[in-house]
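Everything on this sheet refers to the single structure shown next.
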Amino acid sequence: MTPKGTKLTDGRHQMPDAIELLRRDHEEVKAMLSELEKGPVAADGADENQVMLRKRMTEQLIIEESKHEAVEEEYFWPAVREHVADGNRLADHAIDQEQRAKRVLDRLDKLEASDPQFETLLGEFIAAGREHISFEETQVWPALLAVLSGEQLRELGGKLEAAKQVAPTRPHPNVPPSPGILKATGPAAAVADRIRDTVTGRDAP
Ligand SMILES: [Fe+2]
Ligand SMILES: [Fe+2]
């Protein structure tokens, strides 16, 4: 789901603030994690359709995660580094979590849900993903909210929202998580990802 800004009385759209936008993504990802956690899994006798659906749901999770983390790395972490007193430490820790998650998701993306490794990797991601979300929500967001004005948050929200439209839909764990490199390579990677999505029938919005 793409968050849309609120319509103002004069017809213009007001950008959602950055935290509001990221929170919607987090809620979506958390719902997917809970759904995946419910199973059924191949080892417990899930039928062919259920296994296929599990693979599709995991692809959707990977698409959402890839776009979300890409725009955070392009715009959100630079803002945290710039404005929050302890911003470098917070950003370094979070980006380290994101890079690890990308490596797990990259391996997961290449496996069928019937592969014995699939559930191991998915379980690893579910735990790590929740830990990462919780770190951002409890350690980072309050610190940023304390120093940015409503206008600055909306400006950042606008950048995140625009970047998400051209964000990669795959994890790309070998691309360094530097904002400059991501901004330069992200749109090209996104185009390549979306062509692959079309060819393989992967359902990226
Ligand atoms: Fe993140
Ligand atoms: Fe996040």
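The values are calculated or read from the model by the stated rules, or taken from the named source; none is laboratory data. Not measured: the values here are computed from a predicted model. Cβ placement follows ideal geometry from the backbone for every residue including glycine, while neighbour counts extend to all protein chains displayed. Only protein heavy atoms, including side chains, enter the accessible area calculation; ligands, DNA and RNA are left aside. Shrake-Rupley method; radii C 1.70, N 1.55, O 1.52, S 1.80 Å.
Worth pointing out:
- Annotation: residue 88 fulfils all but one of (1) within 30 Å of residue 19 (Cα to Cα); (2) in contact (Cβ under 8 Å) with a residue 40 or more places away in the chain; the unmet one is (2).
- From the options 133, 126, 95, 63, residue that is within 16 Å of ligand 2 (Cβ to nearest atom) and in contact with a Phe, Trp or Tyr (Cβ under 9 Å, 6 or more places away or on another chain): 95
- Some residue of the range 131-148 being under 19 Å from residue 60 (Cα atoms) and either among the acidic types (Asp, Glu) or open to solvent by 20 Å² or more (accessible area, probe 1.4 Å) (or both): no
- In the range 102-123, residue farthest from residue 71 (Cα to Cα) [restricted to those that are touching a residue at least 60 places away in the same chain (Cβ under 8 Å) and among the aliphatic types (A, V, I, L, M)]: 113
- Those residues of the range 132-169 which are more than 14 Å from ligand 1 (Cβ to nearest atom), charged (D, E, K, R) and closer than 13 Å to residue 68 by Cβ, in sequence order: 161
- Positions within the range 76-90 being part of a helix (DSSP H, G or I) and either touching a helix residue (DSSP H, G or I) at 6+ places or on another chain (Cβ under 9 Å) or at pLDDT below 95 (or both), in sequence order: 76, 77, 78, 79, 80, 81, 83, 87, 88, 90
- Leading residue by the ranking (nearest to ligand 1 (Cβ to nearest atom)) among those in the range 47-72 that are touching a residue at least 24 places away in the same chain (Cβ under 8 Å) and farther than 30 Å from residue 181 by Cβ: 57
- Which numbered condition residue 142 misses (of (1) modelled with pLDDT of 95 or more; (2) outside any helix (DSSP H, G or I)): (2)
- Qualifying position, being among the acidic types (Asp, Glu) and at pLDDT below 95, among 48, 65, 73: 48
- Residues of the range 162-181 satisfying the condition of being within 14 Å of ligand 2 (Cβ to nearest atom) and either part of a helix (DSSP H, G or I) or surrounded by fewer than 20 Cβ atoms within 10 Å (Cβ to Cβ) (or both): 163, 164
- The condition of being farther than 30 Å from residue 52 by Cβ and part of a helix (DSSP H, G or I) holds for only one of 98, 65, 124, 72, that being 72.
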